Amino acid sequence: MLSSHQTFIAQALREGWHAVRISIDMTWLAKDIATPEQVLKYEAASDAVFTFQNAPIIALMHYDHSKLLPSLVVEMLKLHPISVVGKYIKRNPYYLNSEQYMLKILRINKEKGNNPTG
């Protein structure tokens, strides 16, 4: 999925667009297709793709948080600089960019004695 996002962004910029807006339906998360760990890795990688570009990118991700584990929602919020909940748009004071988030995960795994690559 990330490669298709990157391809879309590259194509839009090649065609002369100065900015890119992407809207992604994330309701598939409620179908248990991926583990929470896989979801968080995808979220962190997405943040890196959308954040580290040479052009303005707005990525709007749509979630049905009522169908997700509360602990997963809390972790996913850490990977979004701005959140829309109901009618409120808020800058997220708990936001960690993808690099900060992955370093946090590696540190936690090291403290637990887990092998992050295994």
Verdict on Ser71 being surrounded by 13 or more Cβ atoms within 10 Å (Cβ to Cβ) and either over 20 Å from Lys31 (Cβ atoms) or touching a residue at least 12 places away in the same chain (Cβ under 8 Å) (or both): no
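Would you confirm, using the coordinates I've provided, whether Glu111 is under 17 Å from Met26 (Cα atoms), among the charged types (D, E, K, R) and either in contact (Cβ under 8 Å) with a residue 24 or more places away in the chain or not in a strand (DSSP E or B) (or both)?
The answer is no for Glu111.
Out of Ala34, Ala48, Ala55, which single residue is farther than 21 Å from Ile89 by Cα, in contact (Cβ under 8 Å) with a residue 40 or more places away in the chain and assigned to a loop (DSSP other than H, G, I, E, B)? Don't jump to the end; show me each part of the working.
Details: Ala34 fails: in contact (Cβ under 8 Å) with a residue 40 or more places away in the chain; Ala48 fails: assigned to a loop (DSSP other than H, G, I, E, B).
Matching residue, one of Ala34, Ala48, Ala55: Ala55.
Scan Leu103, Leu96 and give me the residue that is farther than 21 Å from Asp25 by Cβ, assigned to a helix (DSSP H, G or I), among the hydrophobic types (A, V, I, L, M, F, W, C) and modelled with pLDDT of 85 or more. Spell out the reasoning first.
Values: Leu96 fails: assigned to a helix (DSSP H, G or I).
Just a single option satisfies the conditions, and that option is Leu103.
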Among the numbered criteria (1) under 11 Å from the mean Cα position of the chain (by Cα); (2) modelled with pLDDT of 90 or more, which one does Asp47 miss? (2)
Any chance you could count how many residues in region 2-18 are farther than 27 Å from Val39 by Cβ and surrounded by 10 or more Cβ atoms within 10 Å (Cβ to Cβ)? 2
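The values are calculated or read from the model by the stated rules, or taken from the named source; none is laboratory data. Just so you know, these numbers come straight off a predicted model, no measurement behind them. When we count neighbours, we look across all protein chains shown, and the Cβ atoms used for this are built from the backbone with ideal geometry, even at glycine.
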